[in-house]
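Okay, so here's the structure we're looking at.
The values are calculated or read from the model by the stated rules, or taken from the named source; none is laboratory data. Predicted model only: the values in this text are computed from it and were never measured. A quick note on method: Cβ atoms are made from the backbone with ideal geometry, for glycine too, and the neighbour counts reach across all protein chains shown. What goes into the accessible areas is simple: the full protein's heavy atoms, side chains included, and nothing from ligands, DNA or RNA. Shrake-Rupley method; radii C 1.70, N 1.55, O 1.52, S 1.80 Å.
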Amino acid sequence: MLSHLRVLTPHPNILAFYDGRIEGYRFATGPNWVDDGALALGIASYAIVDGAEALVYDTHVSVEHAQAIRAHLESIGVTRMTVVLSHWHLDHIAGNAVFADCEIVSCRRTADHLTRFQAPIETGTQDGPPGIAPLILPTRTYEGPTQMTVGRLAIDLIELNIHSDDATVLWLADERILLAGDTLEDTVTYVAEPEGFEAHLVDLDWLAALAPRCILPNHGDPDRIASGGYDPEFIPATAHYVRALQAMKTDTALRTTPLRELIREPLASGALSYFGAYEEVHQRNVALVAELADTKIASA
């Protein structure tokens, strides 16, 4: 299962544990969240390291992946680890058990979601198989502006409503590096909460105001991540796509526009890169938007 896991070093104190985007590589036959929402698209968890301390940003898609992350960190001299969860979706919390002896931090909403859905997550009925059992819950939650330190590094934890209503991004202000979780995704965002588009756009504007020098998403091109991450134009490119999805609620013709055409300008500028697996994601996004719009019309 770990044959394609790569350890990338986008910045001297940041490691990316990247898996997926390998043609023909699957975790299992049949529909499952590990392949369809993570490995098919490519996924990274991160570690911010300074000396013997590390902040692990998400625990990846399996216990085996988390074990590999921990083993690598220990091999380079890390003895103290703290986990921060970007949000509650399964491909970000599946390895929590490996860090059960560490502090696991999340925003309050993430802890609430995981507590509410603990039983179906463990049995594999929340988003389909595999189950995550036992699901280790956060040991500490935060609300509002929060800062952590890893060795000499100061890291801000920022709550946002983008992609999900419980997003946590990491901001290294001194270096202007943003670890974005799933708030930004290349080729396009994976819509989880289409009813939240307005809030997503507000927080995308807030994120843009940080003016990051480089951005590291959990789902993105491994070569771009390895070379330091994405440019700040990644943020308005994501907003561009969200606005296009919004427009589809009333503009039914727009729903059939090819993905490449819909994001033609961000692709041309290099803000986004095209990866074919996102065609299926886009069609799923459009279907969710259409379903939401049709439901509102029917109930009006």
Legend entry - Equivalent ellipsoid dimensions for the chain as semi-axes, Å, which come from the Cα gyration tensor, largest first: 29, 22, 19
Inset, instruction - Work through the residues other than residue 145 whose Cβ is under 15 Å from its Cβ and net out their charges, Lys, Arg +1 and Asp, Glu -1. - result: -3
Legend entry - DSSP beta bridges in the stretch 170-288 [antiparallel fraction, %, rounded to 5]: 45 percent
Inset, instruction - With label points built 7 Å along Cα→Cβ from the Cα atoms of residue 149 and residue 71, find their separation and express it in nm. - result: 3.4 nm
Legend entry - Calculated FRET efficiency for the pair residue 226/residue 133, C-beta based, R₀ 35 Å, to 0.05: 0.55
Inset, instruction - Mind grabbing the accessible area of residue 250 for me, 1.4 Å probe, Å², rounded to tens? - result: 120 Å²
Inset, instruction - With a Förster radius of 25 Å, plug the Cβ-Cβ distance of residue 125 and residue 23 into 1/(1 + (r/R0)^6) and report the FRET value to the nearest 0.05. - result: 0.25
Legend entry - Net dipole in debye of the chain [+1 Lys, Arg Cβ; -1 Asp, Glu Cβ; about Cα centre; nearest 20]: 160 debye
Inset, instruction - Towards the positive end of the charge dipole of the stretch 55-185, with charges on Cβ (+1 Lys, Arg; -1 Asp, Glu), say which of 113, 81, 173 has the farthest Cα. - result: 81
Legend entry - Contact order normalised by residue count of the stretch 210-300, Cα under 8 Å, 6+ apart, percent: 26 percent
Inset, instruction - Return the carbon/sulfur percentage of the accessible area of the chain, one whole number, probe 1.4 Å, all protein chains in place. - result: 52 percent
Inset, instruction - Give, in nm to one decimal, the length gained when the segment between residue 274 and residue 4 is fully stretched (0.36 nm per residue of separation minus the Cα-Cα distance). - result: 95.1 nm
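If the viscosity is 1.567 mPa s and the temperature 4 °C, what Stokes-Einstein diffusion coefficient in µm²/s follows for the stretch 51-206 when Rh is the Kirkwood radius over Cα pairs? Please report the intermediate quantities before stating the final value.
Values: Rh = 16.1 Å.
Estimated via Stokes-Einstein, D reaches 80 µm²/s.
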Legend entry - Accessible area expressed per residue, the stretch 224-300, with surrounding protein chains retained (probe 1.4 Å, Å²): 51 Å²
Inset, instruction - Compute the accessible area per residue over the stretch 1-145, keeping the other protein chains in place, probe 1.4 Å, unit Å². - result: 40 Å²
Inset, instruction - Can you send over the solvent-accessible area of residue 275, 1.4 Å probe, protein chains only, in Å² to the nearest 10? - result: 60 Å²
Inset, instruction - Please get the size of the charge dipole for the stretch 244-300, origin at its Cα centre, with Cβ charges of +1 on Lys and Arg and -1 on Asp and Glu, quoted in debye to the nearest 20. - result: 80 debye
Inset, instruction - Leaving ligands, DNA and RNA out of it, rank 264, 108, 116 by accessible area with a 1.4 Å probe, largest first. - result: 116, 264, 108
Legend entry - Amide proton proximity set for residue 142, modelled H, under 5 Å, gap of 5+: 106, 107, 108
Inset, instruction - Give me the compactness ratio for the stretch 14-68, meaning the Cα radius of gyration over 2.2 N^0.38 Å. - result: 1.26
Inset, instruction - Per residue of the stretch 138-153, in order, report the coupling 6.51 cos²θ - 1.76 cosθ + 1.60 (Karplus, θ = phi - 60°) as ³J(HN,Hα) in whole Hz, putting x for Gly and Pro. - result: x, 9, 8, 10, 9, 9, x, x, 9, 10, 10, 10, 10, x, 8, 8
Legend entry - Value of [θ]222 nm, deg cm²/dmol, for the chain, DSSP H segments ≥ 4, -39500 (n - 2.57) each, nearest 500: -9500 deg cm²/dmol
Inset, instruction - For 159, 280, 74, 198, write out the residues from largest to smallest accessible area, computed with a 1.4 angstrom probe and no ligands counted. - result: 280, 198, 74, 159
